[in-house]
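Shown next, in structure tokens, is the structure this report addresses.
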Amino acid sequence: MTQPKKTAFYDLHVKNGAKIVEFAGYLMPIQYQGIIEEHRRVRSTVGLFDITHMGEFEVWGKDAEKFIQRMTTNDVSQLATYQVQYSCMCYEEEGIVDDLLVYRLPDHFLLVVNGACLDKDFKWLSDHLSGDVELKNVSDETALLALQGPKAELVMKKLTDVNLSDLKFYWATKGKVGGIEMLFSRTGYTGEDGFELYFSPAVAEKMWNALMEAGKEFNIEPIGLGARDSLRLEMKYMLYGNDIDQTTNPLEAGIGWIVKPDKGDFIGRGPILKLKNEGLKRKLVAFEQLDKAFPRHNYEIQKNGKKLGEVTSGTFSPSLDKGIGLGYVPVEYSQIGTELDIMIRNKPNRAVVVKTPFYQHATHK
């Protein structure tokens with residue numbers, strides 16, 4: 001049994017009273033003050049997340065773009081230098097390997113993958129290497145913090161000379177933050193404005209303390225994985241292993257916008273085009289509970305006593321003050337306004353299919 005790793009921020013989490021759980025092979029904070037309070041902090045001002053459990057791969061060589069173009073569904077050729085792209089990797093026959101971010105940097109690419117998929121993704125990419133391409137796993141050499149919330153830019157302005165007004169959503173840059181040279185991007189998993197900062201674990205404590213000090217006037221708080229999950233679900237952002245996995249297709253998951261069949265051949269293009277031509281049989285829908293009930297992963301979705309599917313993600317939404325969730329249902333039950341039953345403790349609880357994002361007032365939708 002492999003022992004879980006500790007990120008470079010572990011001692012800081014313990015010092016801040018975090019409840020620690022094992023997640024993606026790491027000991028990570030699930031919450032500090034409480035999930036609801038932390039969630040509302042990010043929606044109202046700013047919060048700081050340790051997301052070092054994510055995986056980072058560098059792709060070098062003259063055929064790097066060609067390789068990533070073949071391995072991912074989005075069109076990498078459209079990326080300008082320092083631009084970031086949301087994409088996914090698919091299996092040859094069907095299903096999703098992982099969703100990820102692709103960064104085009106001046107002399108190489110950076111792929112940011114889900115922590116729970118790190119080893120699988122690296123093997124998948126390694127097994128398909130061809131041409132002049134070098135793939136490096138730099139995850140252990142990378143500390144990663146996410147500063148998220150409407151006041152995130154004001155916090156960062158105190159620590160960097162980079163003109164943040166010029167840094168648009170899903171773009172990155174290199175510069176000093178708190179005196180530390182690093183790569184950072186205007187990206188995140190919350191729907192709010194914010195930045196993700198990549199730097200050496202050797203300066204982890206210094207960077208954490210600088211951000212917490214700069215955010216003091218905005219009541220910055222450390223945020224755990226619990227609030228990260230409820231924040232992303234309010235935006236209908238995918239969670240690999242729940243909403244997408246090897247049994248799902250990007251089209252039925254509602255992320256067809258990151259699939260570009262016209263760019264040429266890529267792994268998984270065949271099944272995607274087949275489904276597009278034949279038409280969807282099921283769709284990932286978003287629903288809100290009409291009764292005071294909170295859906296959870298794997299709860300059954302029914303209509304008139306007939307099972308339609310299962311909840312892939314579900315929680316209490318602190319922003320909407322009601323239960324929300326996602327789940328796959330036959331396409332004829334996917335229209336906005338369709339009423340469904342979520343089976344909670346063997347009792348049907350009424351829900352209704354709604355448009356997304358659930359939370360309509362985020363900085364970035």
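Remark: for residue pairs Lys6/Lys157; Lys19/Lys322; Lys236/Lys322; Lys281/Lys306, the C-alpha separation exceeds 20 Å in Lys6/Lys157; Lys19/Lys322. Along the range 127-135 the Karplus relation, 6.51 cos²θ - 1.76 cosθ + 1.60 evaluated at θ = phi - 60°, assigns HN-Hα couplings of 5, 10, 4, 7, x, 7, 9, 10, 10 Hz to successive residues, with x for each Gly and Pro.
If the segment from Leu273 to Ala202 were pulled out straight at 0.36 nm per residue, it would be longer than the present Cα-Cα gap by 20.9 nm. Each of Met235, Pro222, Leu211 was placed along the dipole of the range 206-251 (beta-carbon charges, centred on the mean Cα), and the one lying farthest toward the positive end is Leu211. Computed from the Cβ-Cβ distance with R0 of 30 Å, the FRET efficiency linking Val352 to Asn298 stands at 0.90. Taking each residue as 0.36 nm, the span from Glu217 to Thr2 lengthens on full extension beyond its C-alpha to C-alpha distance by 73.3 nm. Considering every alpha-carbon pair of the chain, the percent of pairs per 20 Å bin, from zero through the bin containing the longest distance, is 29, 59, 13, 0.
Only bridges with both residues in the chain count here: give the DSSP antiparallel percent, nearest 5. Walk me through the intermediate numbers first.
Working: 75 of 81 bridges.
In the chain, DSSP labels about 95 percent of beta bridges as antiparallel.
Across the chain, the relative contact order, built from alpha-carbon pairs under 8 Å that are at least six residues apart, equals 18 percent. To the nearest 0.05, what FRET efficiency results for Ser44 and Glu92 with a Förster distance of 51 Å applied to their C-beta separation? About 0.65, to the nearest 0.05. Note: relative contact order over the range 84-177, using C-alpha pairs below 8 Å and six or more positions apart, is 19 percent. Pick from Glu93, Glu300, Glu252 the residue whose mean-square fluctuation is largest in a GNM of the chain, springs joining Cα atoms under 10 Å. Judging by the Gaussian network model, the answer is Glu93. Between Lys158 and Trp171, the simple label model (points 7 Å from Cα in the Cβ direction) yields a spacing of 2.6 nm. Per-residue Karplus couplings for the range 101-115, computed as 6.51 cos²θ - 1.76 cosθ + 1.60 with θ equal to phi - 60°, are listed in order as 10, 10, 9, 8, 9, x, 10, 6, 10, 10, 10, 10, 10, 5, x Hz, Gly and Pro entered as x.
For the range 329-339, the Karplus equation 6.51 cos²θ - 1.76 cosθ + 1.60, evaluated at θ = phi - 60°, returns couplings of 9, x, 4, 5, 10, 9, 5, 4, x, 5, 8 Hz by residue, with Gly and Pro reported as x.
Short to long, the 10 Å bins of the Cα pair-distance histogram for the range 55-139 hold 18, 60, 22, 0 percent of all pairs. Per-residue ellipticity at 222 nm from helix content only, as computed over the chain with -39500 (n - 2.57) for each DSSP H run of at least four residues, stands at -5500 deg cm²/dmol. This model, with +1 at the C-beta of Lys and Arg and -1 at the C-beta of Asp and Glu, gives the chain a dipole about its Cα centre of some 1040 debye. Taking amide H as placed 1.01 Å from N in the peptide plane, Phe23 has its amide H under 5 Å from the amide H of Met28, each at least 5 places away in sequence or on another chain. Working from Cα pairs under 8 Å separated by at least six residues, relative contact order for the range 55-139 is 42 percent.
The Cα-based radius of gyration of the range 15-94, divided by its Kirkwood radius, gives an Rg/Rh of 1.12. Amide H contacts of Lys283 (H built 1.01 Å from N, in plane; Pro and chain starts excluded): Val329, Val331 sit under 5 Å, all sequence-distant by 5 or more or on other chains. Extents of the range 281-365, taken as max minus min of Cα coordinates on every principal axis and listed largest first, are 39, 28, 19 Å. Around the amide H of Leu340, modelled in the peptide plane, lie the amide H atoms of Ala351, Val352, Val353, all under 5 Å away and 5 or more residues distant in sequence or on another chain. For the chain, modelled as a GNM whose springs connect Cα atoms under 10 angstrom apart, the maximal fluctuation among Phe316, Phe287, Phe23 occurs at Phe23.
Rule-based calculations on the coordinates, nothing more; no lab input. From a predicted model like this one, the values you see are computed outputs, not experimental measurements. Every residue, glycine as well, gets a Cβ built from its backbone with ideal geometry; the counts of neighbours run over all protein chains shown.
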